[in-house]
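I have placed the structure first, in the form of structure tokens, so that the comments after it can refer back to it.
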Amino acid sequence: MGSHPAGPLLLHLPPPTQAAVLGLVAARVAAVLTQPVELVKTRLVTMENVVMGHGEGVDGRDILAMGQAVVREDGWRGLFVGPASRLPLVSIGGALYYGAADVVERLLSVQIPSR
């Protein structure tokens, strides 16, 4: 079974669509990789003083202490809870941004003939 002579499907899409697909993938990867920071930031913003675990207090301004408290309570998986709610919005945003940027770049690079 040889490979298709035309190559991968992505190469056969129009360039703006390629940019949109790659933007969607990049946005999803970034959303998953930054989820721990997003989770800790959200907890710090929404809670001034949280008591977690065995009665230990976590100062609402200490990012490391909050991250350690999440890991202590829920394990390392706890840092990656909740990206599903961000993924659709981030993915659409990445696709639109990169697809539109490609279209604008192409429009701006068109040579206007002189008279």
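Brief remarks follow.
- Hits in segment 73-112 (condition: surrounded by fewer than 14 Cβ atoms within 10 Å (Cβ to Cβ) and among the basic types (Lys, Arg)): Arg77, Arg106
- Restricting segment 68-85 to residues that are modelled with pLDDT of 85 or more and farther than 17 Å from Leu44 by Cβ, the residue that is nearest to the chain's Cα centre (by Cα): Phe80
- A search for C-beta distances below 6 Å between a residue of segment 103-115 that is within 15 Å of Thr17 (Cβ to Cβ) and any residue that is at pLDDT 85 or above and not in a loop (DSSP other than H, G, I, E, B), counting only pairs 6+ apart in sequence or on different chains, returns Val103/Pro16.
The values are calculated or read from the model by the stated rules, or taken from the named source; none is laboratory data. Just so it is clear, the structure is predicted and the values come from calculations on it, not from any experiment. Cβ: placed from backbone, ideal geometry, glycine included. Neighbour counts: every protein chain shown.
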